[in-house]
Amino acid sequence: MTSEPEQQIGVGTQDAFQRLWTPHRMAYIQGENKPSGPGADDGCPFCSIPAKSDEDGLIVRRGEHVYAVLNLYPYNGGHLMTVPYRHVADYTDLTDAETAELAELTKQAMTALRTASGAHGFNIGMNQGAAAGAGIAAHLHQHIVPRWGGDTNFMPVVGHTKVLPQLLADTRKMLADAWPPA
């Protein structure tokens, strides 16, 4: 830009950077949609999502025991989670059928992400318990985060902001269309 930065009262020290605001992140920071307690009836979003349409719930694939859903607060575009329908907190409490389907939907998610967006790699994992960083510790969920060479740049490092190139609804449709047949 060739113009001088505009003085904005209340946004910090004036500098040469333009501001990219991400106010939707404040909902996550303030705990919006977090359960009020550990029970399935305490407002667990992972228990309420399956009752919605795929489009409204951002569900990419439904299985018999587990579903795949976009993360509402993604680390990267295409950030999915595989979630058992049953309200269970610990991996060791899954049934054999739930464990197998969680693994299968994770593999299918990787295939769909490679097909739809050319992901170069993945971070896959789950945080067990609040002390381990689980945002919703009472309902197990596994993250599938697509990665690309060079996807960590100055925005998250300096600006503490992720730039997502696509609306979640468009990402959901793209991945649902690319999901491999069962």
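The values are calculated or read from the model by the stated rules, or taken from the named source; none is laboratory data. Predicted model only: the values in this text are computed from it and were never measured. Counting neighbours? That spans all protein chains shown, and the Cβs are built from the backbone with ideal geometry, glycine included. For the accessible areas, the whole protein counts, side chains as well, though only heavy atoms, and no ligand, DNA or RNA atoms are used. Shrake-Rupley method; radii C 1.70, N 1.55, O 1.52, S 1.80 Å.
Surface listing: 179, 148 arranged by accessible area from highest to lowest gives 148, 179, probe 1.4 Å. So, counting K/R as plus one and D/E as minus one, what does the shell of residues with Cβ under 15 Å around residue 122 add up to? Local net charge: +2.
Would you work out what percent of the accessible area of the range 94-139, with all protein chains in place, is carbon or sulfur (probe 1.4 Å)? After summing per-atom areas, the C and S share lands at 53 percent.
Among residues other than residue 105 with Cβ under 13 Å from its Cβ, the summed charge is -1 (Lys and Arg +1, Asp and Glu -1).
Per residue, the range 36-151 exposes 46 Å² of solvent-accessible protein surface, assessed with a 1.4 angstrom probe and all protein chains in place. Close amide H contacts of residue 122 (hydrogens built in the peptide plane, cut-off under 5 Å, sequence separation of 5 or more or a different chain): 147. Heavy-atom accessible area with a 1.4 Å probe sorts 172, 61, 114, largest first, into 114, 61, 172.
With K and R counted +1 and D and E -1, the other residues having a Cβ less than 12 Å from that of residue 68 yield a net charge of +1.
For residue 67, the amide hydrogen comes within under 5 Å of the amide hydrogens of 83, 85, counting only partners 5 or more places away or on other chains and with H modelled in the peptide plane.
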